[in-house]
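Encoded as structure tokens, the structure appears first; notes follow it.
The values are calculated or read from the model by the stated rules, or taken from the named source; none is laboratory data. Not measured: the values here are computed from a predicted model. Every residue, glycine as well, gets a Cβ built from its backbone with ideal geometry; the counts of neighbours run over all protein chains shown.
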Amino acid sequence: MKGDRYEIRFSGTGGQGIILAAFVLAEAVGVYEGKHVCQTQSYGPEARGGISKAEVVISERVIDYPRAMKPDLLLAMNQASCDTYFPDLKPEGLLVVDSSLVNQVPTSRVVGIPFIQIAQKEVGKKLVANMVALGAICNITQVVSLKNLEAALVARVPRGTEKMNRKALHAGIQATKSVDLNALPRSVTPEEEVF
């Protein structure tokens, strides 16, 4: 985490577990690591099927504004959420997408991982793709320790699903072991910003 404030926006379709993933991260950072954190969410009236987003703002200092203004990282679990929220991403921000659902990426500062496919293959259930994505972005950003992330996950997910969700989290971490952020361009080019 660089600077005093780090903003992450989770986005996808209602029903993909975007808000739960944000809750788990916020709890891991705030309760278990003792940093300042704000978590907000919004979704359309459709709830399931419409675009949803959740934001986590992390800081070493007291947070004066709870919403992400210019996210440092955008997680897009589908094409519609990528198209909708990409313009807000900082020029040097990172776009992380489900590469099985996002075919048109508007930047070269992108990490594409097939979250749903990994969830199906490694856990046998597509519904834990949110935890695969959470593991991936936490491994990439290093904003929270794995120990604290797991503690928050176990406390937050429905009873009886802890083992499945933990397995999904680790599958996401494993999927990003070879990601080299230094190999990506330092910022979005002006042409890419137009999108």
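Things worth noting here:
- When residues of the stretch 119-128 are limited to those that are assigned to a helix (DSSP H, G or I) and among the charged types (D, E, K, R), the one surrounded by the most Cβ atoms within 10 Å (Cβ to Cβ): Glu122
- Condition check for Asn103: surrounded by fewer than 17 Cβ atoms within 10 Å (Cβ to Cβ) and polar (S, T, N, Q): yes
- Of the numbered criteria (1) buried (at least 19 other Cβ atoms within 10 Å of the Cβ); (2) part of a strand (DSSP E or B), the one Met131 fails is (2).
- Of all the listed residues (Lys167, Lys163), the sole one being at pLDDT 95 or above and surrounded by fewer than 14 Cβ atoms within 10 Å (Cβ to Cβ) is Lys163.
- Given (1) surrounded by fewer than 24 Cβ atoms within 10 Å (Cβ to Cβ); (2) in contact with a helix residue (DSSP H, G or I) (Cβ under 8 Å, 6 or more places away or on another chain); (3) touching a residue at least 12 places away in the same chain (Cβ under 8 Å), number of the condition Val62 does not satisfy: (2)
- Flag set for Lys147, criterion: over 12 Å from the mean Cα position of the chain (by Cα), within 23 Å of Phe23 (Cα to Cα) and at pLDDT 95 or above.
- The set of residues in the stretch 1-40 that are in a strand (DSSP E or B) and at pLDDT below 90 contains only Thr13.
- Summed over the stretch 57-107, the residues that are among the small types (Gly, Ala, Ser), assigned to a helix (DSSP H, G or I) and closer than 25 Å to Arg186 by Cβ give a count of 1.
- Members of the stretch 6-35 found to be surrounded by fewer than 20 Cβ atoms within 10 Å (Cβ to Cβ) and in contact with a His (Cβ under 9 Å, 6 or more places away or on another chain), listed by number: Gly30
- Matching entry among Arg159, Arg109, Arg166 (being free of Cβ contacts under 8 Å to residues at least 12 places away in the same chain and not polar (S, T, N, Q)): Arg159
- The single condition from (1) under 20 Å from Leu25 (Cα atoms); (2) without any contact (Cβ under 8 Å) to a residue 24 or more places away in the chain; (3) of a type in the set (Ser, Thr, Tyr) that Thr176 fails is (2).
- Considering residues of the stretch 134-143 that are hydrophobic (A, V, I, L, M, F, W, C), assigned to a helix (DSSP H, G or I) and in contact (Cβ under 8 Å) with a residue 60 or more places away in the chain only, the residue nearest to Val97 (Cα to Cα): Ile137
- In a residue-by-residue description of the stretch 72-87, the property of being crowded, with 20+ Cβ neighbours inside 10 Å, at pLDDT 95 or above and over 19 Å from Thr107 (Cβ atoms) applies to no position.
- Filter pass, Leu146 being free of Cβ contacts under 8 Å to residues at least 60 places away in the same chain, in contact with a Leu (Cβ under 9 Å, 6 or more places away or on another chain) and more than 23 Å from Gly14 (Cα to Cα): yes
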